[in-house]
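The values are calculated or read from the model by the stated rules, or taken from the named source; none is laboratory data. Remember, predicted model here, so these are calculated numbers, not experimental data. Backbone-built Cβ (ideal geometry, glycine too); neighbour counts: all protein chains shown.
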Amino acid sequence: MKRFRLHTAASVVLAAALALTGCSGGGGNEAKPSSDQGNNSGGNQAGGGQQVTLSMHSWRVEDTEGYAKLIAAFEAENPNIKIDFKPFKATEYNTILNTALQSDSGPDILQLRPYATGAALATAGYLEPLDNLPGISNIPKEVLAGATGKDGKVYGVPLTLSTTQFFYNKKIFDDNGVSIPKSWDELIAASKALKEKGIIPISFGAKEGWLLSLSHGVIAPASFTNGYMDKLLKGESDLKSPEFLKSIQRMQELIPYFPENFVGLELNDMRTLFATGKAAMFINGSFEMEGIKKLNPDLQLDFFPMPTDDGKQVITTWVDGSYAVNAKSKHKAEALKFMEFMTTKKFGELYANQFKMISPIPGVSAEDPLVNRLTELTQTNATPYLMIVHFSEGNPTTKKTLENALQGMYLNKLTPEQVVDEVQKSAATWFEPFKK
């Protein structure tokens, strides 16, 4: 399999933007991988000795069953190491984790938010550097960038490369003579045709803000033509540009094709509407495929990339989380052993097939053809999730500002013009290219 590329018009700028702040914990001494550790006090060497239980935290409650299988594979090879996997609700995870780390009661292994959010934990000294970890060099640098600090050190092993796109129900499309849209106008026409037949065109909810920036990440690239992304990242354009405004206007233009009372719907509602065949399309991430198929194994699930105004197609990508080691863990050698396992092709294949996700480990292919198609598109038609990769800093973050403003627009409290004003004001407080 080809190496992953986060394809943008400004790859050099992307690489610089991903060099996030970080510092080592544990008195500044970089931990060596388990194979270089030697014996711990009490004889707790990673490969043998008395049994150790590692705590492992995540924001993926829905993945508990799948993680049990991954952990079982690791424990079979490391019988002296047990892992206690404890997930939390995604919207509560950051607060719970930060509180635990600040009180020195954090987990041994923690799921790390990508880019700036995760890097903030490295800045605070909570994470152990992983540069000397066996296998880490097998992962492409542009993928490792999602967990890399400004000091150039790597603080997490990437779990997956996520994508966002339009999922659609092939049976509903075929039964109603609807074709895959090749332009924005065709998307609107398809939505109108479905609505006229009593079918909800797009399963969508505005209750959870992160879903709004995610959906915008899919819609926006359609209007980001003529090198806009490159100009934006260089500070030659901004977020009040006609291109960005058009992306917000299009988010508003889709309102007639959302479910009734969509402002009160959350992810579970959206997923259920689509999986049960009540809605024809679903804007969401590749991480939803497993859950959708569990709800309805017979669903004829497919996807299409976002058609752009210049006749192309793009799929939005980003490194969606890594796993890191707590710098104050009492069992670093054992935790690093699990990190090393995560860099192997065996883990990559287990993960890709269990969760129907794209593994960042080179050479891994999945049993699911949809996963392999998504993998191919990440190599040829990818564009970065703008708000996570480039605009996830600030207080509140520019990403969060966009989410709040879009919720305001859907409640008829803000116009698209006011949304872009709010977003630009946020970015101008910290985004260096805007300060030229």
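Within the range 383-436, the residues that satisfy the criterion of being of a type in the set (D, E, K, R), assigned to a helix (DSSP H, G or I) and surrounded by fewer than 24 Cβ atoms within 10 Å (Cβ to Cβ) are LYS400, GLU403, GLU417, ASP421, GLU422, LYS425, GLU432, LYS435.
The sole residue among SER215, SER183, SER203 that is in the same structural domain as LYS312 (by TED's automatic domain parsing), buried (at least 19 other Cβ atoms within 10 Å of the Cβ) and over 19 Å from GLN300 (Cβ atoms) is SER215. Residues in the range 229-249 include none that are free of Cβ contacts under 8 Å to residues at least 40 places away in the same chain, within 20 Å of LYS197 (Cα to Cα) and not polar (S, T, N, Q).
When PHE338, PHE274 are checked against the criterion of being surrounded by 24 or more Cβ atoms within 10 Å (Cβ to Cβ), aromatic (Phe, Trp, Tyr) and under 17 Å from LEU133 (Cβ atoms), PHE338 stands alone in meeting it. Counting only strands (runs of 3 or more DSSP E) wholly contained in the range 265-348, the ones carrying 2 or more residues that are under 18 Å from the mean Cα position of the chain (by Cα) occupy 279-285, 313-319, 322-325. In the range 349-368, the residues that are without any contact (Cβ under 8 Å) to a residue 40 or more places away in the chain form Cβ pairs under 9 Å with partners that are outside any loop (DSSP other than H, G, I, E, B) and of a type in the set (Gly, Ala, Ser), at six or more places apart or across chains, as follows: ALA366/ALA352; GLU367/ALA352.
Here the range 364-379 is the region considered, the condition is being under 21 Å from the mean Cα position of the chain (by Cα) and part of a loop (DSSP other than H, G, I, E, B), and the residue that is surrounded by the most Cβ atoms within 10 Å (Cβ to Cβ) is ALA366.
Among the residues making up the range 380-436, those that are over 20 Å from the mean Cα position of the chain (by Cα), closer than 20 Å to LYS231 by Cα and of a type in the set (A, V, I, L, M) are VAL420, VAL423, ALA427, ALA428. Of all residues in the range 74-95, those satisfying the criterion of being in a helix (DSSP H, G or I) and farther than 20 Å from ALA147 by Cα are PHE74, GLU75, ALA76, GLU77, THR91, GLU92. Summed over the range 134-152, the residues that are at pLDDT 90 or above, touching a Ser or Thr at 6+ places or on another chain (Cβ under 7 Å) and surrounded by fewer than 20 Cβ atoms within 10 Å (Cβ to Cβ) give a count of 3.
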